[in-house]
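A quick write-up on the structure given underneath.
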Ligand SMILES: [Mg+2]
């Protein structure tokens, strides 16, 4: 078995999982804030990674401020729901012999985001406690793949991992079938991580 991430002494495929998007349902959190103001998220056509322009176009400036305030509120990241199928997928991938490390960039403008994210992992993914790397530049972190909903992940290093996009609102405009549409495709991720060169883009 060869992994282009290399250097992993256990020779297990090493999967880096972004937290918001693949594990924590950030979109659901945003939808709930909109619903609390009587706004229907299903009306929004998502065209950008940053929700600001899409929300402004559909609901106006006040709705953008409402979402920004909610996102910066202590506790927001602690209360996000789990993405459908994520717990089962993590279990299956661990059983299949993968190493999984959560790789997350805390929102530095939310004072409790970092600690809330750790508490959230402890509650919902107990097998991953102690396996969380917080990095605002994910290129510093080694791995075979990075499952992340951000359209493209850049930093100061050449990544050791291959990025696999996880479908969320923020990348819906890029949908081309190469992304993981949901965790029902966990076995596809397993095949990909076992043959990383097969999905190099
Ligand atoms: Mg994310």
> Does region 5-46 hold any residues that are more than 16 Å from the ligand (Cβ to nearest atom), assigned to a loop (DSSP other than H, G, I, E, B) and either under 22 Å from the mean Cα position of the chain (by Cα) or at pLDDT 95 or above (or both), and which are they?
Replying inline: 5, 12, 13, 37, 38, 39, 40, 44, 45
> Here are some conditions: (1) within 14 Å of the ligand (Cβ to nearest atom); (2) more than 15 Å from the chain's Cα centre (by Cα). Residue 138 meets all but one. Which one does it not meet?
Replying inline: (2)
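The values are calculated or read from the model by the stated rules, or taken from the named source; none is laboratory data. Nothing here was measured: the structure is a model prediction, and the numbers come from that model. Reconstructed Cβ throughout: ideal geometry from the backbone, glycine too, with neighbour counts over all protein chains shown.
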